[in-house]
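See structure below.
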Amino acid sequence: MYCPSCGLEEKQSNQFCRACGSNLNVVRLAVARPDSITQSAAAARDEIGRAIAFKIREAKSSGELATVAEDVLPEIEKFLESPEEKRLRRVRKGTVAASIGLSATIAFAVVASIVDEDFLILAGLGVVTLFIGLSLVINGLLFTVPKKVLSDKSPDARSQRELDAAKSATNELVLPEPNDIFSSVTEQTTQHLKEKQPAPRG
């Protein structure tokens, strides 16, 4: 889980963020309890599953079952796919379109050079198809990438990560000096005040 204030990754179940002190229990409760959109999406998926099962049971012939399998199921798969799967599908479609455009351009350019120059117009259409396919690929790769990591803009989180890395790099247990160990808050405050007192004049 990540702190919503500073972006520090909290691997332990602390109540407060180690870097900025934000209350993390609120975030844990929000993550544990799905929101209404998530609940409605889960309910919709269940309902779609029941409807498909009913349609399959209702199919009386192999032709009707083939219609359900060929027409309905691919559309439902598109509806239920994750954003990453949608992105990959776009990239695949773009790759296919770019390949068709490139091959059409080459084929019509060769035919135009051998037979008739009027085929260059068709080669131009192949170039258009090539660029459409390339734009789909670029869109899928660069512009529809889902964000998986929160950006870290907090110096507190960075310094906390450095401290964590330093602790994990050394396996030695560092104990405080005996002078720094106090049995209560009162003793610690008293010691702190003694250190801050000015030297007596004399």
- Mind telling me which of the residues ARG92, ARG87 ends up being farther than 18 Å from LEU130 by Cα, surrounded by 13 or more Cβ atoms within 10 Å (Cβ to Cβ) and in the same structural domain as GLY133 (by TED's automatic domain parsing)? ARG87
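Would you point out which residue out of VAL91, VAL145 is over 30 Å from ARG18 (Cα atoms), modelled with pLDDT under 70 and within 32 Å of the chain's Cα centre (by Cα)? Walk me through how you get there before you give the answer.
Working: VAL91 fails: modelled with pLDDT under 70.
Every option except VAL145 fails the conditions.
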- Could you say which residue among ALA107, ALA44, ALA97 is of a type outside the set (D, E, K, R), over 30 Å from GLU162 (Cβ atoms), in a helix (DSSP H, G or I) and without any contact (Cβ under 8 Å) to a residue 12 or more places away in the chain? ALA44
- Given the conditions (1) in a helix (DSSP H, G or I); (2) modelled with pLDDT under 75, which single one is not true for PHE54? (2)
- Item | Selection within segment 16-43 - modelled with pLDDT of 70 or more and loosely packed, with under 10 Cβ neighbours inside 10 Å | LEU29
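The values are calculated or read from the model by the stated rules, or taken from the named source; none is laboratory data. Since we're looking at a predicted model, the values are computed, not measured. Heads up, the Cβs are rebuilt from the backbone with ideal geometry, glycines too, and the neighbour counts pull from every protein chain shown.
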